[in-house]
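Here is the structure we will look at, set down as structure tokens.
The values are calculated or read from the model by the stated rules, or taken from the named source; none is laboratory data. Predicted model only: the values in this text are computed from it and were never measured. Backbone-built Cβ (ideal geometry, glycine too); neighbour counts: all protein chains shown.
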Amino acid sequence: MSKWIAIPLIVLLVAGAGALGFLYFQAKDNLSDAEAEISSLEGNVSSLQSSLSAKDTEISSLESDLEVANASLQAAQTINTVLADELRSIKDPRHFASLQELVDWLDQDDTDIIYAYKSLEELAFILQVAALRDGFLLPACFEDWDGDYLVDNIGNLAYIGDEIFMVWPEDDTVFTWADVVPIPSHPLPLD
């Protein structure tokens, strides 16, 4: 090979090798930068996965809290319905529909047992309130038969149909007391 051909070829090879070396080192630097960026991104992914896991746990906890709150709300709504029904019966009390209804109510009522130590006056008012809480009218009645300003008779009155029945609050004895003109079962009905 001639000297004139070999020298330019060598120069060309050396220049090519230099260019390849430059490109190699530049690619190596770019690869190092890319590896560093990948490592950083992997750290970000790991951090985001941890954050996502924490949020999933928080969501599960909040869902559990929501279930408890919904159960509490349902219980409160049930209590509210019961109390609303009780309030309606107190706001719109009625007379007993029959003597049997009065006797049955007195059988289940324990005022005469629980409050046996109370005076007859107190028992009459306690029985009146107990009946009202169940939606019935059973007013306390005090009589002064001889006009001496002392109470001679204490009881509760039940208006049923065209009769008035007296209830002795100390033992729930019931007897017919008077006949009356029939009155409505709800003296003051709600509109």
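Taking the criterion of being modelled with pLDDT of 90 or more and in contact with a Leu (Cβ under 9 Å, 6 or more places away or on another chain), the residues of the stretch 87-105 that qualify are P93, R94, H95, F96, L102, W105.
For the stretch 97-110, the set of residues classified as under 32 Å from the mean Cα position of the chain (by Cα) and either more than 21 Å from P187 (Cα to Cα) or assigned to a loop (DSSP other than H, G, I, E, B) (or both) consists of Q108, D109, D110, listed by residue number. Pairs are defined by a Cβ separation below 7 Å, a sequence spacing of at least 6 or placement on different chains, a first member in the stretch 160-172 that is touching a residue at least 60 places away in the same chain (Cβ under 8 Å) and surrounded by 18 or more Cβ atoms within 10 Å (Cβ to Cβ), and a second member that is acidic (D, E) and assigned to a loop (DSSP other than H, G, I, E, B); no pair meets this definition. Summed over the stretch 108-125, the residues that are in contact with a strand residue (DSSP E or B) (Cβ under 9 Å, 6 or more places away or on another chain) and surrounded by 15 or more Cβ atoms within 10 Å (Cβ to Cβ) give a count of 5. Among the residues of the stretch 130-140, is any without any contact (Cβ under 8 Å) to a residue 40 or more places away in the chain and farther than 21 Å from R94 by Cα? Looking through the stretch 130-140, none of the residues is without any contact (Cβ under 8 Å) to a residue 40 or more places away in the chain and farther than 21 Å from R94 by Cα. When the stretch 134-160 is filtered for residues that are closer than 20 Å to E122 by Cβ and among the hydroxyl-bearing types (S, T, Y), only Y149 remains. Taking the numbered list (1) in the same structural domain as E163 (by TED's automatic domain parsing); (2) within 18 Å of the chain's Cα centre (by Cα); (3) aliphatic (A, V, I, L, M) in turn, A69 passes all entries but (1).
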